[in-house]
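K.L.:
First the structure, then my questions, so here it is.
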């Protein structure tokens, strides 16, 4: 009876070792770029993310929104295109804050599901989330 327990214990140890060894990395090491228009396909804006994966951990390198019609990065000076529309100027300012906040929140959480959209900056959140997911998808299928 003692031999059976020893054999059973050995089998359990071997199975646990095999399971832990077979736990595969989900992400491949490297630098990946993702780009997305999210659901805003009628607009010229693209969210662009560059991230680095090392040992199955993600480190965000950069996030920006690019206006491909104007070949310009959406940032604090972008509001000049909407000087005659105060609502759009305010919206630009909210989105610029969102870009910074989402980048910081992701760097801290390392998980997009833990990054909340900011009221008034949902557009930049959607572009960030979808560009990030595009980059992560590349990291999964290298």
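The values are calculated or read from the model by the stated rules, or taken from the named source; none is laboratory data. Bear in mind that the values here come from a model prediction, so they are computed numbers and not experimental data. Positions of Cβ are backbone-derived with ideal geometry, glycine not excepted, and every protein chain shown enters the neighbour counts.
K.L.:
Among the residues of region 50-109, which ones are free of Cβ contacts under 8 Å to residues at least 24 places away in the same chain and on the phi > 0 side of the Ramachandran plot?
P.N.:
Within region 50-109, 71 is the sole residue that qualifies.
Okay, residues lined up against (1) crowded, with 16+ Cβ neighbours inside 10 Å; (2) modelled with pLDDT of 95 or more; (3) part of a helix (DSSP H, G or I); (4) touching a helix residue (DSSP H, G or I) at 6+ places or on another chain (Cβ under 7 Å):
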{"site": "43", "(1), (2), (3), (4)": "no, yes, no, no"}
{"site": "49", "(1), (2), (3), (4)": "yes, yes, no, yes"}
{"site": "62", "(1), (2), (3), (4)": "no, no, no, no"}
{"site": "81", "(1), (2), (3), (4)": "no, yes, yes, no"}
{"site": "84", "(1), (2), (3), (4)": "no, yes, no, no"}
{"site": "87", "(1), (2), (3), (4)": "no, yes, yes, no"}
{"site": "128", "(1), (2), (3), (4)": "yes, yes, yes, yes"}
{"site": "142", "(1), (2), (3), (4)": "no, no, no, no"}
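K.L.:
Continuing with the same structure: Looking at (1) at pLDDT 95 or above; (2) under 14 Å from the mean Cα position of the chain (by Cα); (3) surrounded by 18 or more Cβ atoms within 10 Å (Cβ to Cβ), can you tell me which one residue 35 breaks?
P.N.:
Failing condition for residue 35: (3).
K.L.:
Also, I was wondering about something else. How many residues does region 89-124 hold that are loosely packed, with under 12 Cβ neighbours inside 10 Å and either in contact with a strand residue (DSSP E or B) (Cβ under 8 Å, 6 or more places away or on another chain) or assigned to a loop (DSSP other than H, G, I, E, B) (or both)?
P.N.:
Summing the residues that are loosely packed, with under 12 Cβ neighbours inside 10 Å and either in contact with a strand residue (DSSP E or B) (Cβ under 8 Å, 6 or more places away or on another chain) or assigned to a loop (DSSP other than H, G, I, E, B) (or both) in region 89-124 gives 3.
K.L.:
Quick one: which of 71, 28 is under 20 Å from residue 132 (Cα atoms) and either modelled with pLDDT of 95 or more or in contact with a strand residue (DSSP E or B) (Cβ under 7 Å, 6 or more places away or on another chain) (or both)? Break it down stepwise before answering.
P.N.:
Working: 71 fails: under 20 Å from residue 132 (Cα atoms).
That would be 28, the only listed residue that is under 20 Å from residue 132 (Cα atoms) and either modelled with pLDDT of 95 or more or in contact with a strand residue (DSSP E or B) (Cβ under 7 Å, 6 or more places away or on another chain) (or both).
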